[in-house]
Amino acid sequence: MADPFLSIQQVRKSFGPTTVVQDFNLDAAPGEFVSFLGPSGCGKTTVLRMVAGFEEPTAGKIVVGGKDVTRLKPNQRNVGMVFQAYALFPNLTVAQNVAFGLKVAGMPKPDADKRVAEMLNIIKLPPDQFGDRYPYQLSGGQQQRVALARALAPKPKLLLLDEPLSALDAKVRVSLREEIRSIQQKLGITTIFVTHDQEEALSISDRIAVMYGGKAEQVGTPFEIYNRPATKFVANFVGTLNVLEGTVTDAGAGSVRVNSQNLSLKGKLNGSRNGDQLSLALRPEAIALGPKAGHDANLQGQIAEVHFLGSVIRVRVGLGSSIVSLDTFNNSSTPPPAVGDKTEISFSSNDVLVLH
């Protein structure tokens, strides 16, 4: 990447004997939307707080817009941050909350009023209707919009969002994340978004850094993260995954034995030897009930569970000691399979992820 706007270089953070971030590296391009995705305690918020200046790295360097900000205070970095808990001032109106950073910066009141009105219109809370309200008079989604407007009002170089949607209900969360992405693209501001919700990260990010144990397991586009996971953790954490355990029977021919059945995975067993134990991963959407054009691999099994979900029927198939899940579209002229039926599943060997 040429001339990244944000560069996090070999950053490490320790609290006493505990290291919570280990040699974290990331470059973000101007205007890029990057999500930090991972479970609680993986270090994603700690990295965000180091970029914001609320934590100081034990080692490494953070560069924003070509300037080393590693040791600068938060108010010297020109970074906007939106917190999980909104952090609005309860004694200030919506307009006063949005204007707070502008007032601190010494912007003349006429200019500040104009900027506040602009921001409130961008977040779809018109100033004539919402400007004089107090935070307690707003819904959770509206409060988070105000927090976003307050962060963006001083025109920061970089926007940081720390799980801003986690306290909202599912429907509002989906709507607001789309609005955040739309506003980010409209303003062209480089953004880092912290979340533990894989759907959020996959739906709005240009790239995702999947974190575990204080490290970035993989950094890539949503397509790459989902379809080409680099590690077993990424494969299991992002999306639904079926994992079958197999034994290599003929590495040269690409033969693997799974639940007493043979599979041919030519080109997938590079570096493997006969007798090696492998985990074979398949996304549910890659599996079909019965034969299908383009599918060159199949396994015999038995229907274990059937869940009717309207347009989709979720089927779980037992393969010896293993169970795989797949979704099939509801066809009103064809009844769903019955529990206990013998069946065959098929898939393309190209869709199999070999996890050593």
Query raised in the report: With charges only on Cβ, +1 for K and R and -1 for D and E, what is the dipole size of region 61-165 about its Cα centre, in debye, rounded to 20?
Result: 420 debye
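For a 21 Å ceiling on Cα separation, which of these pairs sit above it: Lys44/Lys103; Lys157/Lys186; Lys67/Lys215; Lys292/Lys342? Walk me through the numbers on the way to the answer.
On the way: Lys44/Lys103 31 Å; Lys157/Lys186 14 Å; Lys67/Lys215 24 Å; Lys292/Lys342 17 Å.
Pairs exceeding the cut-off: Lys44/Lys103; Lys67/Lys215.
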Report summary line: Rounded to a whole %, the carbon-and-sulfur portion of the accessible area of the chain at a 1.4 Å probe is 49 percent
Query - Dipole-positive endmost among Tyr212, Leu160, Val194 within region 138-251 (Cβ charges, Cα centre) - result: Leu160
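Let me check I've understood the local charge: for His307, count other residues with C-beta under 9 angstrom from its C-beta, Lys and Arg +1, Asp and Glu -1. What total comes out?
On the way: positive: Arg314, Arg316; negative: Glu305.
Overall, the nearby charge balance is +1.
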Report task. In nm, give the distance between the simple-model label positions of Val104 and Asn236, each being 7 Å from the Cα along the Cα-to-Cβ direction. Result -> 4.2 nm
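Calculated from DSSP H runs of 4 or more alone, at -39500 (n - 2.57) each and per residue, what is the 222 nm mean residue ellipticity of the chain, nearest 500?
Details: 9 runs with 88 residues, N = 356.
Using -39500 (n - 2.57) per qualifying helix, the result is -7000 deg cm²/dmol.
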Report summary line: Once all protein chains are kept in place, Asp327 shows an accessible area at probe 1.4 Å, nearest 10 Å², of 70 Å²
Query raised in the report: How much FRET efficiency would the formula 1/(1 + (r/R0)^6) give for Asp341 and Thr18, where r is the Cβ-Cβ distance and R0 is 45 Å, rounded to 0.05?
Result: 0.30
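Taking only protein heavy atoms and a 1.4 Å probe, what accessible area per residue, in Å², does the chain have with all protein chains in place?
Working: 17200 Å² over 356 residues.
Per-residue value: 48 Å².
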Requested in this report: Compute the relative contact order of the chain as a whole-number percentage, counting only Cα pairs closer than 8 Å that sit 6 or more residues apart in sequence.
Outcome: 15 percent
**Report entry** Sites matching trypsin sites (Lys or Arg not before Pro) across region 253-316 that sit in DSSP coil, with at most 14 neighbouring C-beta atoms within 10 Å
**Finding:** Lys266, Arg273, Lys292
Query raised in the report: Pick the calculated Rg/Rh (Cα atoms, Kirkwood Rh) for this structure from (i) 1.31; (ii) 1.07; (iii) 1.02?
Result: (ii)
Query raised in the report: Quick one: length gained pulling Ser311 to Asn350 fully straight, 0.36 nm per residue minus the C-alpha distance?
Result: 11.3 nm
Query raised in the report: Using Cα pairs under 8 angstrom and six or more residues apart, how large is the relative contact order of region 248-320, in percent?
Result: 22 percent
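Give the relative contact order (percent, whole number) for region 210-283; include only Cα pairs under 8 Å separated by 6+ residues. Show your work: numbers first, answer last.
Details: 105 pairs, mean separation 19.5, N = 74.
For region 210-283, the relative contact order is 26 percent.
The values are calculated or read from the model by the stated rules, or taken from the named source; none is laboratory data. Keep in mind that this is a model prediction, so the values were computed, not measured. Using ideal geometry, Cβ is built from the backbone for each residue, glycine included, and neighbour counts are taken over all protein chains shown. Just the protein is used for accessible areas: all its heavy atoms, side chains included, with ligands, DNA and RNA removed. Shrake-Rupley method; radii C 1.70, N 1.55, O 1.52, S 1.80 Å.
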